[in-house]
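Enquirer: This is the structure I want to talk about, given as structure tokens.
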């Protein structure tokens, strides 16, 4: 104990007169979230569940993509890749209803004012799902390409979705988010020519910012490209133990 | 995020029997997705009524460092496209720049 003021610190005295001390901390601000995310990850590992964090701007088609994945999955006639969804929005449970209507187990998280999901919200929501019956859990994050990038939820993969109406330079504008993705999905390709979407430039921009990402071009509306994405995810489920989370 | 930081800082200061926090130093990576100005603004609001009421906030920006797998060397990219200056390979292996840390405190009794 320090003899001057009774505090616990005896080293690192900055100013003996005012008796200021320096305390080294070096602790992550989000260490609490990271710890809970790790707990989620362990739970998902026990359940042999592939978990995807799905991120995009509002209106890019996250919910529509999941709906179409469910439709295509049943068309494929495969019984594997049973889907469950945790969906985050500031308000309303419209999206969860949409998904439940398609026969998907879906839990809504309403965040109030929070612009992103956090690991504790996901932990709570998973209690409402029968994880045993699922192969693939999609966490549909709040529509936002900024804040959710910093929050690990315990997922295996991050999918960043952009639609052709958003412009080819979206990856250049939101590099942090795109750099954290293992998969980038370009949606609404059925209307690409109508909005004069420059495909080559968009793909080149994704590759420049996120060279690690697998790219899929799909239409949630027509179903184009969805089978390839599903097949890729089924493959990832098989090799789940070897997937390295990119962030954190 | 600033609230988390203050919570950690206050808990640490209390553990050390300090009466007040004079300085908080944070390390914020350029690729953390966090804008220092936003933290500073939140700090101005949140510090009132806490033991950090009179504290200064110092934010150190940590530049991005990437590793080039081809040259097996680290480099500091000049922009958001992480291209190795020697061989031109685009790298996704990030060594530094994602930090979101409370580095240290200066406290007094």
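Enquirer: Please state the Cα pair-distance histogram of region A:92-140 with 5 angstrom bins from zero: what percent is in each bin?
Expert: 4, 18, 29, 28, 14, 5, 0
Enquirer: Hey, could you pull the Cα Rg and Dmax for chain B, both in Å?
Expert: 17.7, 55
Enquirer: Ranked by Cβ crowding within 10 angstrom, fewest neighbours first, how are A:152, A:198 ordered? Spell out each step's value before the answer.
Expert: On the way: A:152 23, A:198 14.
In increasing order of surrounding Cβ atoms, one gets A:198, A:152.
Enquirer: Wrap a convex hull around the Cα atoms of region B:53-92, take a quarter of its surface area, and give that in square nanometres.
Expert: With the hull built on Cα positions only, its mean projection is 3.9 nm².
Enquirer: Sticking with this structure for a sec: Could you order the peptides A:104-112, A:237-245, B:96-104 from most to least packed, using the average number of other C-beta atoms within 10 Å per residue? Write down the numbers at each step before the final one.
Expert: Values: A:104-112: 18.7, A:237-245: 11.6, B:96-104: 20.7.
So the peptides A:104-112, A:237-245, B:96-104, ranked by packing, come out B:96-104, A:104-112, A:237-245.
Enquirer: With a Förster radius of 22 Å, plug the Cβ-Cβ distance of residue B:70 and residue A:244 into 1/(1 + (r/R0)^6) and report the FRET value to the nearest 0.05.
Expert: Working: r = 20 Å, r/R0 = 0.90.
The calculated FRET efficiency here is 0.65.
Enquirer: Separate question: Report, to the nearest 10°, how far helix B:2-15 tilts away from the longest principal axis of the Cα atoms in chain B, using its own Cα long axis and a range of 0 to 90°.
Expert: 60
Enquirer: Which part of region A:143-182 falls in the paramagnetic zone of residue B:7, meaning amide N under 18 Å from the point 7 Å along Cα-to-beta-carbon?
Expert: A:148, A:150-154
Enquirer: Still on this structure, I have one more. Residue A:46 versus residue A:90, label points 7 Å from Cα toward the beta carbon: distance in nm?
Expert: Placing both labels 7 Å along Cα→Cβ, they lie 3.6 nm apart.
Enquirer: What order, most packed first, do the peptides A:155-166, B:8-19 have when packing is the mean number of other Cβ atoms within 10 Å of each residue? Present the calculation step by step, with values, prior to reporting the outcome.
Expert: Numbers: A:155-166: 24.3, B:8-19: 17.3.
Order by mean packing, descending: A:155-166, B:8-19.
Enquirer: So, by mean Cβ neighbours within 10 angstrom, what's the order for A:43-55, B:64-76 with the highest one leading?
Expert: Numbers: A:43-55: 20.5, B:64-76: 15.7.
Descending packing order for the listed peptides: A:43-55, B:64-76.
Enquirer: Please compute, for peptide B:96-105, the average count of beta-carbon atoms on other protein chains lying within 10 Å of each residue's beta-carbon.
Expert: On the way: counts 0, 2, 8, 3, 6, 7, 7, 4, 7, 5.
Taking all residues of B:96-105 together, the mean is 5.
Enquirer: How high is the relative contact order of chain B, in percent, counting Cα pairs under 8 Å that sit 6 or more residues apart?
Expert: Details: 198 pairs, mean separation 41.9, N = 109.
Computed value for chain B: 38 percent relative contact order.
Enquirer: Determine the shielding of peptide A:25-36 by partner chains: average, over its residues, the number of Cβ atoms on other chains within 10 angstrom of each Cβ.
Expert: Working: counts 12, 6, 8, 8, 19, 7, 5, 3, 2, 1, 0, 0.
Across A:25-36, the average partner-chain Cβ count within 10 Å equals 6.
Enquirer: So, one more: Expressed as cubic angstrom per residue, what is the convex hull volume of the alpha carbon set of region A:176-242?
Expert: Working: hull volume 6.1 nm³, N = 67.
Cα-based convex hull of region A:176-242, divided per residue, equals 92 Å³.
Enquirer: Find the percent of Cα-Cα distances in region A:57-128 that exceed 13 Å, and round it to a whole number.
Expert: Values: 1704 of 2556 pairs.
In whole percent, the long-distance tail amounts to 67.
Enquirer: Inside 10 Å of the C-beta atoms of B:26-34, what's the mean count of C-beta atoms belonging to other chains?
Expert: Numbers: counts 2, 3, 1, 1, 1, 5, 5, 13, 7.
Mean partner shielding for this stretch: 4.
Enquirer: At each listed q (0.11, 0.19 Å⁻¹), what is the log10 of I(q)/I(0) that the Debye formula gives for region A:132-213 modelled as equal alpha-carbon point scatterers?
Expert: With no solvent term, the Cα-only Debye profile gives -0.32, -0.85.
Enquirer: Report the gain in length on full extension from residue A:133 to residue A:165: 0.36 nm times residue separation, minus Cα-Cα distance, nm rounded to one decimal. Display every interim value, and only then the final one.
Expert: Values: separation 32, 0.36 × 32 = 11.52 nm, distance 3.63 nm.
Result for the pair: 7.9 nm of gain on full extension.
Enquirer: If I model chain A as equal point scatterers sitting on the Cα atoms and use the Debye formula, what is log10 I(q)/I(0) at q = 0.12 Å⁻¹?
Expert: -0.68
Enquirer: Using a basic spin-label model with each label point 7 Å from the Cα along Cα→Cβ, how many nm lie between residue B:17 and residue B:79?
Expert: Placing both labels 7 Å beyond Cα along the Cβ direction yields 5.7 nm.
Enquirer: Now, a different point. Give me the percent relative contact order of region A:40-162, please, defined on Cα pairs under 8 angstrom at least 6 residues apart.
Expert: Details: 233 pairs, mean separation 55.1, N = 123.
Relative CO of region A:40-162 lands at 45 percent.
Enquirer: Once the Cα atoms of helix A:226-238 and of chain A are each reduced to a long axis, what angle between those two axes, in degrees from 0 to 90 to the nearest 10, is obtained?
Expert: Orientation of helix A:226-238: about 50 degrees from the principal axis.
Enquirer: Obtain the nm distance between the two label points defined at residue B:89 and residue A:114 by a simple spin-label model: each point lies 7 Å from its Cα along the Cα-to-C-beta direction.
Expert: 3.9
Enquirer: For region B:54-109 and region A:158-232, what is the separation of their Cα centres, given in Å?
Expert: 27
Enquirer: Relative to the first principal axis of the alpha-carbon coordinates of chain B, what is the inclination of helix B:36-46, with its axis defined by its Cα atoms, in degrees from 0 to 90 and to the nearest 10?
Expert: The angle comes out near 10 degrees.
Read-outs throughout are calculated quantities, based only on the coordinates presented, and are distinct from any laboratory measurement. Just so you know, these numbers come straight off a predicted model, no measurement behind them. In this analysis, Cβ positions are derived from the backbone assuming ideal geometry, glycine residues included, and neighbour counts consider all displayed protein chains.
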